[in-house]
1. Kindly list the number of the only condition in (1) open to solvent by less than 40 Å² (accessible area, probe 1.4 Å); (2) in a helix (DSSP H, G or I); (3) in contact with a strand residue (DSSP E or B) (Cβ under 8 Å, 6 or more places away or on another chain) that fails for LEU218.
2. Hey, does segment 310-333 have a residue that's of a type in the set (S, T, N, Q), open to solvent by less than 30 Å² (accessible area, probe 1.4 Å) and more than 18 Å from GLY174 (Cα to Cα)?
3. Looking only at segment 146-158, which residues are on the phi < 0 side of the Ramachandran plot and out of contact with any helix residue (DSSP H, G or I) (no Cβ under 9 Å at 6 or more places or on another chain)?
4. Please state which one of ALA275, ALA236 is over 30 Å from ALA156 (Cα atoms), open to solvent by less than 40 Å² (accessible area, probe 1.4 Å) and out of contact with any Asp or Glu (no Cβ under 6 Å at 6 or more places or on another chain).
5. Would you please name the residue that is least open to solvent (accessible area, probe 1.4 Å), looking only at residues in segment 288-309 that are basic (Lys, Arg) and more than 20 Å from GLU132 (Cα to Cα)?
6. Among the residues of segment 185-206, count how many are buried (at least 18 other Cβ atoms within 10 Å of the Cβ) and assigned to a helix (DSSP H, G or I).
7. Can you list the helices (runs of 4 or more DSSP H) lying wholly within segment 250-345 that have 1 or more residues being at pLDDT 95 or above and among the polar types (S, T, N, Q)?
8. Considering only segment 141-166, state which residues are open to solvent by less than 40 Å² (accessible area, probe 1.4 Å) and not in a helix (DSSP H, G or I).
Amino acid sequence: LKCPRPSAFPLSHPAAMDRPELVVATVAVAISAVAVFTALSQRRSRRDELLLSLLHMERNEDRARRSAPAPEESPGGMKRVNSSAGLSRVNSSSNFHRVSSTEALLAGFTMEQAREHAQQGASAANSRSPTEVLLELQRGNARFWMGNAQRPEKSAFERRALIMKQYPSVAILGCSDSRVPVEIVFDQGLGDLFVIRVAGNGLDVSTNASLQYAIHHLQVKVVVVMGHEGCGAIKAAQLDEETIKKEPADLAQALLGIKAGLDEKRLSCIHDPRAHDREAVVCNVQNQVKQLAKDAALMEMVNNDKLAIVGAFYEISSGIVDFFHQISVPGSPRLASRKREGQWK
């Protein structure tokens, strides 16, 4: 005879009482279900409380930024840009992403909402000036080397929005060295940077095409060419040509391309190893920046204050990025106007 299923009769049924293991199993399942339900409820409650507190905190921060004092007047009559006030647009842009994504998590979201969020994010990114974008990049690096990195991570809602489109504000041509993770060095998150990494941060057809795409199609506001301390490609490029040509063909071609842009006669006068290393890397970066400056279309964007092109040196030992050799067009009306307003030195 087949024994009926436990669910077919109550626990008080004689058949159930004859098999105590069924009673124990049923009670155990019931207790487990109650425990799981309670745990999920508590977890959901804690999550909602956390998101609500985050939302209130961000809104309070936004109010505080909006009420920041106006720029002070320096003794010489020029405006001194207050750091908090000068960054209000930058902070409000990043604050927009955090608040809207928090609200979306609380209320749930659809693909249409994600599409709208992406469009609003792109508009906010496009409204920022190259100066604001570069300043935020510098602030991110300061957080990194001071040990206060925020490690910004996107929520599920923001990642869904990034499916629709990308809107980075910065394009960086950097080295593929494993010690130079660009997003970490600048404390940036998903979708913030358009990064091209190649040995020696060399400018060739492929890397230049990638930068052209970022500038003309993604409309980035800042282009950074960044070398770094202890770059193996730069050291190898300073070897004699016969030694370089012994390397595999593609590697040898890349090294010879870097070598052509180095001022080896001047570098030979620098005898301190660390100073020589830095000067060689800086020389290579300056050469890449000068190559970009030959593009008339890019220089027109620089002249209209729609784009900034700047070189940088990353010191691995300290984590600090030094910016230098920012190109500009003499007599640029936008630059002259900003200089008169005290925003440009």
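1. Of the numbered conditions (1) open to solvent by less than 40 Å² (accessible area, probe 1.4 Å); (2) in a helix (DSSP H, G or I); (3) in contact with a strand residue (DSSP E or B) (Cβ under 8 Å, 6 or more places away or on another chain), the odd one out for LEU218 is (2).
2. Yes.
3. Those that are on the phi < 0 side of the Ramachandran plot and out of contact with any helix residue (DSSP H, G or I) (no Cβ under 9 Å at 6 or more places or on another chain): MET146, GLU153.
4. Just one listed residue meets the conditions, ALA236.
5. Across segment 288-309, the extreme among qualifying residues is LYS290.
6. Number of matching residues: 4.
7. Result: 273-293.
8. Passing the criteria: ALA149, SER155.
The values are calculated or read from the model by the stated rules, or taken from the named source; none is laboratory data. Being a predicted model, the structure only gives us computed values, none of them experimental. Please note: Cβ atoms are built from the backbone with ideal geometry, for glycine as well, and neighbour counts cover all protein chains shown. Ligands, DNA and RNA are excluded from the accessible area calculation, which covers all protein heavy atoms including side chains. Shrake-Rupley method; radii C 1.70, N 1.55, O 1.52, S 1.80 Å.
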